[in-house]
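Participant: Can you read through this structure? Questions will come right after.
The values are calculated or read from the model by the stated rules, or taken from the named source; none is laboratory data. Just so we're clear, the structure is a prediction, and the values are computed from it rather than from any experiment. Glycine gets a Cβ as well: all are built from the backbone with ideal geometry, and neighbour counts include every protein chain shown.
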Amino acid sequence: MSTARIVELRKGVLKKNDELAAGLRTRFEDAGVLALNLVSSPGTGKTAFLERTLRQLRMVGERPAALVGDLETDNDARRLAVSGAPVRQINTHGRCHLEAEMIGHHLEGWRLDDYDYLFIENVGNLVCPSSYDLGEAIRIALLSVTEGEDKPLKYPSIFNSADIAIITKIDLAEVCEFDRELACNNLREIRPDIAIFETSAKTGAGFPEWLSFLVGEKERKQAAGVVSP
Amino acid sequence: MHELSIVQSVVTTVTEAMAERGVVRVQSVRLRVGALSGVVEGALQFGYEIATEGTIMEGSRLEVVALPVVIYCGTCSSLAELEGVQSFRCPTCGTPSGDIRQGRELEIESVEIEEAA
Ligand SMILES: Nc1nc2c(ncn2[C@@H]2O[C@H](COP(=O)(O)OP(=O)(O)OP(=O)(O)O)[C@@H](O)[C@H]2O)c(=O)[nH]1
Ligand SMILES: [Mg+2]
Ligand SMILES: [Zn+2]
């Protein structure tokens, strides 16, 4: 004999990842590290954007570090390491997104106190990374002028989860007949309070604004960390 | 496509929780999936049969309860359900809102089981 019944479970499917991410978030906060998770389609310009960000931060005496996820290669890590910042590659072996466990694992041996920023370049993918919290303080979704203004509408889950949008390759805006106002409206339709920066990793356009925002965020974060017990 | 790893963790979570209760067979699993969770039902169903093979969940059904986005509108001082995920504005007054109260869920609600009597 057997009987059927319903068991309430109420368990988050990604509970394990969420718990690991919460642990990372606490570590980053305790160490005064501003952690940023960068997501976009393949080829939007995450690595190029980070190359310049790392280089310019170091030029003004800031201490950035980076983790970069890639399906198979370590090309991006090599490009970022040119800046002189500590960089580690996370090879996902075909996995289409980074998970909190991979971040924890790849931080081993690093003293977080030595850094002010941790940039995490996610795998180029606008779908899967949206579900996985990496313990970041800020999630950045990048969108290039060559991709079309309607990207945010096509991938609402990821753009809604982003705190900041970076429009990349702005040097190509004119040839692509990029409609800046439409792109910004679409972004705000999906995430009304999103902060938007328009940049070119090639010419450096938009970087002064972006960098001063970054440094401001870090200082705010570190000041908050000092007051709290 | 990360639905396969999502399904895999559903199977792990359910089989572990059921093992503690002496369950011999799972008949169905009910999943709550928010419109902003980033997963697609079709892809979940596709992976489910393979992922449950050889477990106490083999042959069981996956029921997906789709949850719409609910925002809080400060202007109306009330919650509002959105029809889709293309515009995050209050359907009553049109004010944009980033205050999401429902829609990111990816949660195992319940499991229908057969127990040895
Ligand atoms: N004109 C121009 N080209 C750019 C800019 N940023 C990136 N690119 C080019 O776009 C291509 C892709 O850039 P990456 O930085 O590798 O893009 P990614 O997002 O890191 O790519 P994945 O890691 O493969 O997802 C390269 O050929 C870059 O030179 C820019 O601001 N302007
Ligand atoms: Mg890259
Ligand atoms: Zn309203």
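Participant: Restricting to the range B:58-117, and then to whatever is within 12 Å of ligand 3 (Cβ to nearest atom), of a type in the set (S, T, N, Q) and touching a Ser or Thr at 6+ places or on another chain (Cβ under 6 Å), can you tell me which residue is nearest to B:Leu31 (Cα to Cα)?
Facilitator: Looking at residues that are within 12 Å of ligand 3 (Cβ to nearest atom), of a type in the set (S, T, N, Q) and touching a Ser or Thr at 6+ places or on another chain (Cβ under 6 Å), I get B:Thr95.
Participant: Moving on. Inside the range B:56-84, can you point out the residues that are under 23 Å from A:Pro156 (Cβ atoms), part of a loop (DSSP other than H, G, I, E, B) and among the hydroxyl-bearing types (Ser, Thr, Tyr)?
Facilitator: So in the range B:56-84, the residues under 23 Å from A:Pro156 (Cβ atoms) come out as B:64-76, B:78-84.
Now narrow it down to the ones that are part of a loop (DSSP other than H, G, I, E, B): B:68-69, B:74-76, B:82-84.
Scanning the range B:56-84 gives a single hit, B:Thr75.
Participant: Find the residue count for the range A:60-77, including only residues that are away from ligand 1 (no atom under 12 Å from the Cβ) and surrounded by fewer than 20 Cβ atoms within 10 Å (Cβ to Cβ).
Facilitator: Going residue by residue through the range A:60-77, those that are away from ligand 1 (no atom under 12 Å from the Cβ) are A:60-65, A:67.
If we keep only those that are surrounded by fewer than 20 Cβ atoms within 10 Å (Cβ to Cβ) too, we end up with A:60-63.
The total comes to 4.
Participant: Turning to a different aspect of this structure: Of a type in the set (Gly, Ala, Ser), more than 8 Å from every other protein chain (Cβ to nearest Cβ), touching a residue at least 24 places away in the same chain (Cβ under 8 Å) and not in a strand (DSSP E or B) - does that describe any residue in the range B:85-97?
Facilitator: Looking only at the range B:85-97, we keep the residues that are of a type in the set (Gly, Ala, Ser), and these are B:87, B:94, B:97.
Retained after the next criterion (residues that are more than 8 Å from every other protein chain (Cβ to nearest Cβ)): B:94.
Add one more test, that the residue is touching a residue at least 24 places away in the same chain (Cβ under 8 Å), and what stays is none.
No: the range B:85-97 contains no residue that is of a type in the set (Gly, Ala, Ser), more than 8 Å from every other protein chain (Cβ to nearest Cβ), touching a residue at least 24 places away in the same chain (Cβ under 8 Å) and not in a strand (DSSP E or B).
Participant: Mind checking whether some residue in the range B:19-40 is more than 16 Å from ligand 1 (Cβ to nearest atom), surrounded by 13 or more Cβ atoms within 10 Å (Cβ to Cβ) and away from chain A (no Cβ under 13 Å)? Even if it seems obvious, please write down each step before you answer.
Facilitator: Within the range B:19-40, the first condition is being more than 16 Å from ligand 1 (Cβ to nearest atom), and the residues that meet it are B:19-40.
Keeping just the survivors that are surrounded by 13 or more Cβ atoms within 10 Å (Cβ to Cβ) gives B:23, B:25-40.
From the residues that got through so far, the ones that are away from chain A (no Cβ under 13 Å) too are none.
No, the range B:19-40 contains no residue that is more than 16 Å from ligand 1 (Cβ to nearest atom), surrounded by 13 or more Cβ atoms within 10 Å (Cβ to Cβ) and away from chain A (no Cβ under 13 Å).
Participant: Checking A:Leu182 against (1) surrounded by 13 or more Cβ atoms within 10 Å (Cβ to Cβ); (2) touching a residue at least 12 places away in the same chain (Cβ under 8 Å), only one condition comes out false. Which one?
Facilitator: So A:Leu182 meets the others, but not (1).
Participant: Any idea which of A:Leu38, A:Leu50, A:Leu14, A:Leu54 is closer than 30 Å to B:Glu115 by Cβ and in contact (Cβ under 8 Å) with a residue 40 or more places away in the chain?
Facilitator: Working: A:Leu38 fails: closer than 30 Å to B:Glu115 by Cβ; A:Leu50 fails: closer than 30 Å to B:Glu115 by Cβ; A:Leu54 fails: closer than 30 Å to B:Glu115 by Cβ.
Step by step, each of A:Leu38, A:Leu50, A:Leu14, A:Leu54 is checked, and only A:Leu14 is closer than 30 Å to B:Glu115 by Cβ and in contact (Cβ under 8 Å) with a residue 40 or more places away in the chain.
Participant: Could you tell me which of the residues A:Leu20, A:Leu9, A:Leu38 is surrounded by 15 or more Cβ atoms within 10 Å (Cβ to Cβ) and at pLDDT below 95?
Facilitator: Details: A:Leu20 fails: at pLDDT below 95; A:Leu38 fails: at pLDDT below 95.
It is A:Leu9.
Participant: Another question, then. Taking A:Ala48, is it within 16 Å of ligand 2 (Cβ to nearest atom), of a type in the set (Gly, Ala, Ser) and within 14 Å of the chain's Cα centre (by Cα)? Before the answer, list the steps.
Facilitator: Values: within 16 Å of ligand 2 (Cβ to nearest atom): yes; of a type in the set (Gly, Ala, Ser): yes; within 14 Å of the chain's Cα centre (by Cα): yes.
Yes: the conditions hold for A:Ala48.
Participant: A further question follows. For residues that are crowded, with 23+ Cβ neighbours inside 10 Å and in contact (Cβ under 8 Å) with a residue 60 or more places away in the chain, scanning just the range A:145-179, find the one that is farthest from B:His2 (Cα to Cα).
Facilitator: Ranking the candidates gives A:Lys169 first.
Here's the yes/no breakdown for (1) of a type in the set (D, E, K, R); (2) over 12 Å from the mean Cα position of the chain (by Cα):
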position: A:Gly104; (1), (2): no, yes
position: A:Leu118; (1), (2): no, no
position: A:Asn122; (1), (2): no, no
position: A:Glu149; (1), (2): yes, yes
position: A:Tyr155; (1), (2): no, yes
position: A:Ile167; (1), (2): no, yes
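Participant: Is it the case that some residue within the range A:81-99 is within 14 Å of chain B (Cβ to nearest Cβ), away from ligand 2 (no atom under 16 Å from the Cβ) and touching a residue at least 24 places away in the same chain (Cβ under 8 Å)? So that I can check it myself, show each step before the final result.
Facilitator: Of all residues in the range A:81-99, those within 14 Å of chain B (Cβ to nearest Cβ) come to A:92-99.
Filter again for away from ligand 2 (no atom under 16 Å from the Cβ), leaving A:93-94, A:99.
Checking the rest, the ones that are also touching a residue at least 24 places away in the same chain (Cβ under 8 Å) come to A:99.
Yes: the range A:81-99 contains one or more residues that are within 14 Å of chain B (Cβ to nearest Cβ), away from ligand 2 (no atom under 16 Å from the Cβ) and touching a residue at least 24 places away in the same chain (Cβ under 8 Å).
Participant: Separate question: Mind listing whichever residues of the range B:1-37 are at pLDDT below 90 and assigned to a loop (DSSP other than H, G, I, E, B)?
Facilitator: Once the filter is applied, which keeps residues that are at pLDDT below 90 and assigned to a loop (DSSP other than H, G, I, E, B), the range B:1-37 yields B:Met1, B:His2, B:Glu20, B:Arg21, B:Gly22.
Participant: Related question: Any idea which residue in the range A:31-45 is nearest to the other protein chains (Cβ to nearest Cβ), counting only those that are within 13 Å of ligand 2 (Cβ to nearest atom) and among the hydrophobic types (A, V, I, L, M, F, W, C)? If you could, list the steps in order and put the result at the bottom.
Facilitator: Taking the range A:31-45 first, the residues within 13 Å of ligand 2 (Cβ to nearest atom) are A:38-45.
Adding the requirement that they be among the hydrophobic types (A, V, I, L, M, F, W, C) leaves A:38-39.
Working: A:Leu38: 17, A:Val39: 11 Å.
Here the answer is A:Val39.
Participant: I would also like to ask the following. Looking at the range A:137-148, is at least one residue away from ligand 2 (no atom under 15 Å from the Cβ), within 14 Å of chain B (Cβ to nearest Cβ) and not in a helix (DSSP H, G or I)?
Facilitator: Within the range A:137-148 (the criterion being away from ligand 2 (no atom under 15 Å from the Cβ), within 14 Å of chain B (Cβ to nearest Cβ) and not in a helix (DSSP H, G or I)), the answer is yes, since at least one residue qualifies.
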